[in-house]
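First up is the structure itself, then whatever we jot down about it.
Read-outs: derived from the displayed coordinates by stated rules, not from any lab. Treat the numbers as computed from the prediction; the structure is a model and nothing was measured. Glycine also receives a Cβ, built like all others from the backbone with ideal geometry; neighbour counts cover every protein chain displayed.
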Amino acid sequence: MQENPNPNARPKGEILLINKPYGWSSFQAVKKVRYITRAKKVGHAGTLDPLASGLLIICTEQQTKGIQVIQDAEKEYEGTITLGATTPSYDMETEPNAHFPTEHITQDLIYATTKQFLGEISQIPPLFSAIKVDGKRAYTLARQGDATILKSRNITLYEFEITRIEMPEVDFRVRCSKGTYIRSLAYDFGKALNSGGYLSRLVRTKIGEHHLENAVLPNDFELLWKAKNPKPDGV
């Protein structure tokens, strides 16, 4: 006779590929999945900034044990760097605080400069980030006017491809290691061109073997989940 399963055992859970919309925080997406699935334990494998969109992997129940493995995987992004200016946040969260010339920037110079960033490089994360400094989030300090410089870290860029140049905008695709800040890459790229740069668009397209094309928007996920898990009659 087969024994009954342990009623106290934690559900196996799922690995969910969510297409995080522009303007949503990663926390909002996790909260939405928690509400839809009623899972007791939910977490995401790698934060996406509110001004970025694309692949966000959310794990529920026992699958949360594998979050670190997913976070350690290579990431792939597509985006746009706007040259000729910088912002304190390195993206469009804040207004430009400085402007620089771009007349000297040619297509050949742009293509050549990408080579400086291939391989293992040292990168300073943006102050507008979730990194903790003396127990406080760096972005909290930044919004209070604190200009603390964060410690540099070694990251790796495996590919850095320019896909469109229409000055002052430069589209790119990058494949990189965990811990890479694409906002910092945009800032450093502008600086390497003897100008300025900030990130004006970002889409995460891949994490390890997981692809954005297989992800669903939060509202579509809700419809799919309800279709897959209908409530019993009378509930």
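Observations on the model:
- Selection of trypsin sites (Lys or Arg not before Pro), the stretch 28-103, meeting DSSP coil and at most 14 other Cβ within 10 Å: Arg38, Lys40
- A simple rule links phi to the HN-Hα coupling: the Karplus curve 6.51 cos²θ - 1.76 cosθ + 1.60 with θ = phi - 60°, which for the stretch 215-229 gives 8, 10, 5, x, 5, 5, 4, 4, 5, 5, 5, 5, 5, 7, 10 Hz, with x for Gly and Pro.
- FRET efficiency, Leu217 to Tyr111 (Cβ-Cβ, R0 30 Å, nearest 0.05): 0.30
- Amide H within-cut-off set for Gly197, under 5 Å, with H built and near neighbours excluded: Gly84, Ala85, Gly190, Lys191
- Above-threshold pairs, the threshold being 30 Å between Cα atoms, out of Lys178/Lys226; Lys32/Lys178; Lys206/Lys226; Lys32/Lys151; Lys115/Lys151: Lys178/Lys226; Lys32/Lys151
- ³J(HN,Hα) computed for each position of the stretch 73-84 - Karplus, 6.51 cos²θ - 1.76 cosθ + 1.60, integer Hz, glycine/proline x: 6, 5, 10, 10, 9, 10, x, 9, 9, 9, 8, x
- By average C-beta atoms within 10 angstrom, highest first, the peptides 166-173, 52-59: 52-59, 166-173
- A crude spin-label estimate for the pair His99 and Tyr22, with each label 7 Å from Cα along the Cβ direction, gives 2.3 nm.
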